[in-house]
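The values are calculated or read from the model by the stated rules, or taken from the named source; none is laboratory data. This is a predicted model, so every value here is computed, not measured. Reconstructed Cβ throughout: ideal geometry from the backbone, glycine too, with neighbour counts over all protein chains shown.
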Amino acid sequence: MKNVEEIGTTEQGELIINVGPQHPSTHGVLHLVITLDGETIRNVEPHLGYIHRSIEKMCESLSYRQFIYVTSRMDYLSSHINNHGCAMCVEKGLQIEVPPRAKVIRVLMDELTRLASHQLWWGALAMDVGALTPFFHAFREREMINSIMEETCGARLTMNYMVPGGVMIDLHPNFQPGVKEFITHFKSKIDEYDELVTDNVIFQNRMKGVGTLSKEDAISYGCTGPTARGSGVRCDVRKLFPYEVYAGLRFDEIIETGGDCFARYMVRMKEMRQSLSIIEQLIDNIPEGDFQAKTKAVLKLPKGEFYTKIETARGEFGVYIISEGGMTPYRIKFRSPGFSNLSALNHMARGYKIGDLVAIMGSLDLVIPDIDR
Amino acid sequence: MFLKKYISDIFNAVGSLLKGMRLTGFYFTHHKEIITQQYPDNREQLNLPERFRGEVVMLHDENNEHACTGCTACELACPNATIKIITKFDVTPEGKKKKALDTFVYHLELCTMCNLCVEACPTDAIKMAQTFEHSVYDRSQLTKKLNRPGSKIREGVE
Amino acid sequence: MLSLEGITDSIHNWLNHALNPTLAMLSEFVMVGLCVITLFAMLGLVLIMMERKVSAYMQVRIGPNRVGPGGMFQTLADTLKLVVKEGLTPDGADHFLFNLAPFVVLSASMLALAPVAFAKGFQVWDLPIGILYVSAISSVSVIGILMAGWASNNKYSLLGAMRSGAQIVSYELSAGLSVLTIVILTGSLRISDIIQAQQDGWWIFKGHIPAIIAFVIFLIAVTAETNRAPFDMAEAESELTAGFHTEYSGMKFALFFLAEYVNIFIVCAIGAALFFGGWMPFHIGHWESFNHIMDFIPSSIWFTGKTFALIFVIMWFRWTFPRLRIDQLLNLEWKYLLPISMANLLLTTFVAIKGWYF
Amino acid sequence: MADEEMNAKGEGLKVKIGEWLPLAQWEEGPEWTTLLVEPASWPEAAKLLRFTPGLDFDFLFCLTCIDWKTHFTMVYHFRSTLHGHELVVKSKLDHNQPAIETVSRIWRTAEFHEREAYDLFGVNFLHHPDLRRLFLTDEWVGYPLRKDYEDPVNMIKL
């Protein structure tokens, strides 16, 4: 039998373990090489690229109408918001004024997507720390949102509903009743979420004081979204650089100062309630009118550079289009929130236990296609 | 003081655990809450919304006529080269040559159901169908010809 | 009547009558062995089915419902699949230990079955130190787990096995101490004595506060000792993929699985014997008529009911709680359970000396 | 944010940076205040941008590279979480041997973003702590996001 030295240890006798690319808690094909001293983590090194499709290169050969749908495949849990960001960037280049109805529909869809994404995250996080039941409870509510999406957009996950100038199809007549039913249903269920997971003493012990990220580090590592807001950084694009109708809405930017997994957890839990309130404010106030602005059949962005940012469920998603005036972008850069958040993982996980690594990854809400692009 | 905190800690912890157990206990006893859909059995009750995007189909009326002019707008709109339109030249009664559709080739295996082709079609010749059970035993079966054999363009569609 | 009382005696008498004592004993061995193996298979099937149904209902699902009526034969089908599956041994593994480990684990749980009283007068071996024997044997299974983890030549397995070692060694203590509570009240280690002592009421009622505390600690400790969630450190599928049995497949994996469920059954049977009177019907003091009515329900049904109720509670834990971290797990034992059970032991001694129990 | 306000902020920034970098060059962009930096002076400029009171660009939210066939342009997007102003820094790199000083010690997020740019564009970041391929395998030949990159296997021409 081989001795331990031959099977992968460092000079200090630390154990090197591959977590992933196929591992139950990496939620995809993330590959982490972790160095362990007993149960304690000494180093985490992410190896990326298992589903790198070079979407940025792909987009260079797609027209401005076509490239939007590809971005659903990046952060598939907030595909609406990704599409929205791309559509906004094209509109900025073409100076298209989006009709008010389309704006409201877009915001509604964004918030529903955010809710669905956070629900899945909640279930997956609970599963990571070992409770399997919340996963199914989360999917029960997510299913309602998916059905609403399916009815209006025609698909459940990669909707491709946003087009430059508005949305593809008008809202389905069942949309408003469906969303209202969902709101009443979810309001009671979100309290159950707290009962089942948030208040649980085991869960709190697993999350509190684990994976702390200070405010300075969060900024330096470029963290955005709930990850940074859990460390006390104001970074909600909806508040800092309001787009669409967010400026006229009443909602709070959730800031927690703990910086640990529990703070990030609470940010997302509270954000779900904020999203609910945004949807409530808008659902009865959808203005009448066009759902799409008149656009040319072939879109050509003027020569120049265009950057838009949008708040996805994971953080700030940036679209950077460099146009040479042709039918296709000269270069596109997608600033994905997960990529920057992941870069802080090593800093956060060092010194904690293996079980904590799983909890930290869960609290970062990583979506691997978003990181790999 | 330490002992008091120690004991109250234990009681709070047990209380929070019991709260969770009450919830799972509730679902254990209330079978009406079950949301499972027994999929292959409930095909009859399964109502997919009319907008659901399953695959691209071409609409044919009772005279086996469609509305496709072979303009290739869908082919250009498609991001994945899913659609290939082969055109031919028909001779109109006036003796003029006119471009018409010969074969509408649709590669279902490449399609991402993005609906851009349907949006692009000027004559509403194609639409999205609600079928979703697309599995076949051979990949070549996924390449489909959407216009039916012997079909021709409807009168008056330009 | 479903009562098994006397059946064993008549078989014993008949065998001794027909054969010479050695042969009689040998044939009894064979019969008991066959019974235990059958029981194992049955327990595995029933408990896995139960687990899947319990989890399904708690997770708003239906659970297995395709094979047989209501999915009853699902586990049978799964077992069939596992039996015909190839049992792989990894290249770098220590072949001998790797293949031995599942049998060690299974034998340990088989041995622990000996003193369990299934019904009135239906017990494999009523040895005078029954309780001690069970706690001793149940720690043998950790050797099997360590063996499996080491021999797999897989770092996940090794970590799982090490965790399991630390965990079982520490939780033995509080499990043992909580068992001692009842031993003090009864004054005997023999299981049949403990059950007889509950003729006028179960210990959980008769022993009031100390017994209840001991019961709660016992429940937590045995959940940990059988490696069940929320203490499933050794498996921890979201951290260590599958822990010590990562590399096992086919029947060898099935043996681990089976041993886990049989262990649950045994600890719950012991728990039922200690705190709920085992096969003893529900008796209240000297209400002779009430006790008499209760006696009409056969003792085997009492035993099964109590054991399965306890098993259900342990399953309920699993499908509600998140997993603890390894250091929190040890903290819970050394900072909470152990001091409390020691204090409880003192309290029990005091109560027992003063005779303040019913 | 209104355009006038943005412009005012941009002008203010220009003045402030001009105090520290007298030779600063500006590019007229539609949206951002854009500072052009020579690769040689980038290390000092980066420190200035990060640590000068009143500038405090502590948040590097986007780092990318553009292949202009004749040269590369590194683009850094900065924001100050204290003051809320934003700045774009561009640096022109040689096409044959693109190299620029790393900023991963000033902004930790740059470590990953620079590895990405190295991986996909082949820009050499000097003194980077761990400059390796991030997405692609170590044996990969070429830099996929360059305009002259050809890969007959993985790239499908439509």
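Which of the residues belonging to segment A:221-250 are outside any loop (DSSP other than H, G, I, E, B) and either more than 13 Å from D:R79 (Cα to Cα) or more than 20 Å from the chain's Cα centre (by Cα) (or both)?
Residues satisfying the conditions are A:G225, A:P226, A:T227, A:A228, A:R229, A:R238, A:K239, A:Y246, A:A247, A:G248.
If you check every pair at least six apart or on different chains, which have Cβ atoms under 7 Å apart with a residue in segment A:343-363 that is surrounded by 23 or more Cβ atoms within 10 Å (Cβ to Cβ) first and a residue that is in a helix (DSSP H, G or I) and modelled with pLDDT under 85 second?
A:I354/C:E239; A:G355/C:E239; A:G355/C:I326; A:V358/C:S238; A:V358/C:E239
Among the residues of segment D:135-152 satisfying the criterion of being of a type in the set (A, V, I, L, M) and more than 18 Å from the chain's Cα centre (by Cα), which is nearest to the other protein chains (Cβ to nearest Cβ)?
Filtering first and then ranking leaves D:L136.
How about segment C:305-358: which of its residues are in a loop (DSSP other than H, G, I, E, B), at pLDDT below 85 and hydrophobic (A, V, I, L, M, F, W, C)?
Those that are in a loop (DSSP other than H, G, I, E, B), at pLDDT below 85 and hydrophobic (A, V, I, L, M, F, W, C): C:W356, C:F358.
Check off (1) within 11 Å of another protein chain (Cβ to nearest Cβ); (2) touching a helix residue (DSSP H, G or I) at 6+ places or on another chain (Cβ under 7 Å) for A:P226 and give me the number that stays unchecked.
(1)
Here is a check on your reading of the model: is A:V107 touching a helix residue (DSSP H, G or I) at 6+ places or on another chain (Cβ under 8 Å), closer than 13 Å to A:V167 by Cβ and not in a helix (DSSP H, G or I)?
Against the criterion (touching a helix residue (DSSP H, G or I) at 6+ places or on another chain (Cβ under 8 Å), closer than 13 Å to A:V167 by Cβ and not in a helix (DSSP H, G or I)), A:V107 does not qualify.
Can you tell me which residue in segment C:243-275 is farthest from the other protein chains (Cβ to nearest Cβ), limited to those that are part of a loop (DSSP other than H, G, I, E, B) and either buried (at least 24 other Cβ atoms within 10 Å of the Cβ) or touching a Pro at 6+ places or on another chain (Cβ under 9 Å) (or both)?
Start the filter on segment C:243-275 by keeping residues that are part of a loop (DSSP other than H, G, I, E, B), which leaves C:246-249.
Restricting the remaining residues to those that are either buried (at least 24 other Cβ atoms within 10 Å of the Cβ) or touching a Pro at 6+ places or on another chain (Cβ under 9 Å) (or both) gives C:247-248.
Details: C:E247: 13, C:Y248: 17 Å.
Among those that are part of a loop (DSSP other than H, G, I, E, B) and either buried (at least 24 other Cβ atoms within 10 Å of the Cβ) or touching a Pro at 6+ places or on another chain (Cβ under 9 Å) (or both), it is C:Y248.
Working carefully through the options A:I202, A:I183, find the one that is under 24 Å from A:I279 (Cα atoms), in a helix (DSSP H, G or I) and either of a type in the set (S, T, Y) or more than 14 Å from chain D (Cβ to nearest Cβ) (or both).
Selected residue: A:I183, the only one of A:I202, A:I183 that is under 24 Å from A:I279 (Cα atoms), in a helix (DSSP H, G or I) and either of a type in the set (S, T, Y) or more than 14 Å from chain D (Cβ to nearest Cβ) (or both).
Among (1) at pLDDT below 85; (2) closer than 30 Å to A:Y193 by Cα; (3) within 37 Å of the chain's Cα centre (by Cα); (4) within 9 Å of another protein chain (Cβ to nearest Cβ), there is one condition B:T24 misses while meeting the rest; what is its number?
Of the numbered conditions (1) at pLDDT below 85; (2) closer than 30 Å to A:Y193 by Cα; (3) within 37 Å of the chain's Cα centre (by Cα); (4) within 9 Å of another protein chain (Cβ to nearest Cβ), the odd one out for B:T24 is (1).
Would you be able to say whether some residue in segment A:267-288 is modelled with pLDDT of 85 or more, away from chain D (no Cβ under 14 Å), touching a Pro at 6+ places or on another chain (Cβ under 7 Å) and surrounded by fewer than 19 Cβ atoms within 10 Å (Cβ to Cβ)?
yes
Is it true that some residue in segment C:130-139 is at pLDDT below 85, not acidic (D, E) and not in a helix (DSSP H, G or I)?
Checked against the condition, which is being at pLDDT below 85, not acidic (D, E) and not in a helix (DSSP H, G or I), segment C:130-139 yields at least one hit.
For segment B:43-97, which positions are polar (S, T, N, Q), loosely packed, with under 13 Cβ neighbours inside 10 Å and within 12 Å of chain A (Cβ to nearest Cβ)?
B:N47
Mind telling me which of the residues C:L332, C:L337, C:L324 ends up being under 19 Å from C:F215 (Cβ atoms) and within 14 Å of chain A (Cβ to nearest Cβ)?
C:L332
Collect the residues in segment B:128-144 that are within 16 Å of A:N160 (Cβ to Cβ) and either more than 10 Å from chain A (Cβ to nearest Cβ) or at pLDDT below 85 (or both), keeping them in residue-number order.
Across segment B:128-144, there are no qualifying residues.
Scan C:A117, C:A197 and give me the residue that is of a type in the set (A, V, I, L, M), in contact with a strand residue (DSSP E or B) (Cβ under 6 Å, 6 or more places away or on another chain) and at pLDDT below 85. Break it down into steps so the answer makes sense when it comes.
Values: C:A197 fails: in contact with a strand residue (DSSP E or B) (Cβ under 6 Å, 6 or more places away or on another chain).
Of the residues listed, the single one that is of a type in the set (A, V, I, L, M), in contact with a strand residue (DSSP E or B) (Cβ under 6 Å, 6 or more places away or on another chain) and at pLDDT below 85 is C:A117.
Residues checked against (1) of a type in the set (G, A, S); (2) within 14 Å of chain A (Cβ to nearest Cβ); (3) in contact (Cβ under 8 Å) with a residue 40 or more places away in the chain; (4) at negative phi:
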| site | (1), (2), (3), (4) |
| --- | --- |
| D:E44 | no, no, no, yes |
| D:T64 | no, yes, yes, yes |
| D:L82 | no, yes, no, yes |
| D:K92 | no, no, yes, yes |
| D:E101 | no, no, yes, yes |
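Scan segment B:23-78 for residues that are closer than 21 Å to A:C153 by Cα and in a helix (DSSP H, G or I) and jot them down.
B:C74, B:A77
With a cut-off of at least 2 residues that are β-branched (V, I, T), name the strands (runs of 3 or more DSSP E) lying wholly within segment A:290-369.
Counting at least 2 such residues, we get A:304-311, A:316-323.
Kindly indicate the residue of segment A:229-262 that is within 9 Å of another protein chain (Cβ to nearest Cβ) and touching a Phe, Trp or Tyr at 6+ places or on another chain (Cβ under 9 Å) and also nearest to A:E280 (Cα to Cα) among those meeting that condition.
The selected residue is A:C235.
Can you pull out every residue in segment C:246-300 that is under 23 Å from C:K81 (Cβ atoms) and of a type in the set (D, E, K, R)?
Hits for segment C:246-300 are C:E247, C:K252, C:E260.
Given the conditions (1) under 30 Å from C:S139 (Cβ atoms); (2) under 23 Å from the mean Cα position of the chain (by Cα); (3) hydrophobic (A, V, I, L, M, F, W, C), and given that C:L76 satisfies all but one, which numbered condition is not satisfied?
With respect to (1) under 30 Å from C:S139 (Cβ atoms); (2) under 23 Å from the mean Cα position of the chain (by Cα); (3) hydrophobic (A, V, I, L, M, F, W, C), C:L76 is out only on (1).
Which one is surrounded by the most Cβ atoms within 10 Å (Cβ to Cβ), of the residues in segment A:153-178 that are out of contact with any Asp or Glu (no Cβ under 9 Å at 6 or more places or on another chain) and part of a helix (DSSP H, G or I)?
A:C153
Looking only at segment C:26-74, filter to residues that are of a type in the set (S, T, Y) and farther than 24 Å from B:H30 by Cα; which one of those is surrounded by the fewest Cβ atoms within 10 Å (Cβ to Cβ)?
Going through the qualifying residues, I end up with C:T38.
Kindly indicate whether any position in segment A:206-219 is within 14 Å of chain D (Cβ to nearest Cβ), more than 21 Å from the chain's Cα centre (by Cα), part of a helix (DSSP H, G or I) and over 30 Å from A:A297 (Cα atoms).
Within segment A:206-219, one or more residues are within 14 Å of chain D (Cβ to nearest Cβ), more than 21 Å from the chain's Cα centre (by Cα), part of a helix (DSSP H, G or I) and over 30 Å from A:A297 (Cα atoms).
Just checking, which of A:H27, A:H52 is assigned to a loop (DSSP other than H, G, I, E, B), modelled with pLDDT under 85 and not polar (S, T, N, Q)? Please lay out each step first, then the result.
On the way: A:H52 fails: modelled with pLDDT under 85.
Of the residues listed, the single one that is assigned to a loop (DSSP other than H, G, I, E, B), modelled with pLDDT under 85 and not polar (S, T, N, Q) is A:H27.
Restrict the check to segment D:145-153 and report whether at least one residue is buried (at least 20 other Cβ atoms within 10 Å of the Cβ) and not basic (K, R).
Yes; the residues of segment D:145-153 include at least one that is buried (at least 20 other Cβ atoms within 10 Å of the Cβ) and not basic (K, R).
Considering segment A:338-367 alone, what residues qualify as being within 13 Å of chain D (Cβ to nearest Cβ) and either of a type in the set (K, R) or under 22 Å from A:M207 (Cα atoms) (or both)?
If the condition is that a residue be within 13 Å of chain D (Cβ to nearest Cβ) and either of a type in the set (K, R) or under 22 Å from A:M207 (Cα atoms) (or both), then A:G338, A:S340, A:N341, A:L342, A:S343, A:A344, A:L345, A:N346, A:H347, A:M348 are the ones that fit.
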